[in-house]
1. So how far apart, in nm, are the two label points at residue 1 and residue 34 if each is 7 Å from Cα heading toward Cβ?
2. For the chain, set up a GNM with springs between Cα atoms under 10 Å and report which of 45, 12, 34 has the largest fluctuation.
3. Compute the angle between helix 41-51 and the longest alpha-carbon principal axis of the chain, please, reported from 0 to 90 degrees and rounded to the nearest 10.
4. Helix-derived [θ] at 222 nm for the chain: sum -39500 (n - 2.57) over DSSP H runs of at least 4, divide by residue count, nearest 500?
5. Taking the chain as a Gaussian network, Cα atoms linked when under 10 Å apart, which of 66, 56, 30 shows the biggest mean-square fluctuation?
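Taken together, the values in this text are just the output of simple stated rules run on the coordinates, not laboratory data. Keep in mind that this is a model prediction, so the values were computed, not measured. Positions of Cβ are backbone-derived with ideal geometry, glycine not excepted, and every protein chain shown enters the neighbour counts.
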């Protein structure tokens, strides 16, 4: 069953937006900040980010971006 669902999702992914427009599910069923029927994309996206716990916290890997590689440590070994 899971494989069949994944196969169908793969086949339908390119038409997802069109299918949602045709079927027009209510906002609470679609549950998307971007696809709400009121057309307030940025307002809804902002609200979703603010209301999601942890969305404004630093990612656990943030320090990896601060550590610069040593000079010549990334040279090709040809």
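1. Simple spin-label model gives 2.9 nm for this pair.
2. Maximum fluctuation in the GNM of the chain, among the listed residues, is at 12.
3. 70
4. Numbers: 4 runs with 34 residues, N = 78.
Per the formula, -12000 deg cm²/dmol.
5. For the chain, modelled as a Gaussian network with Cα springs under 10 Å, the answer is 66.
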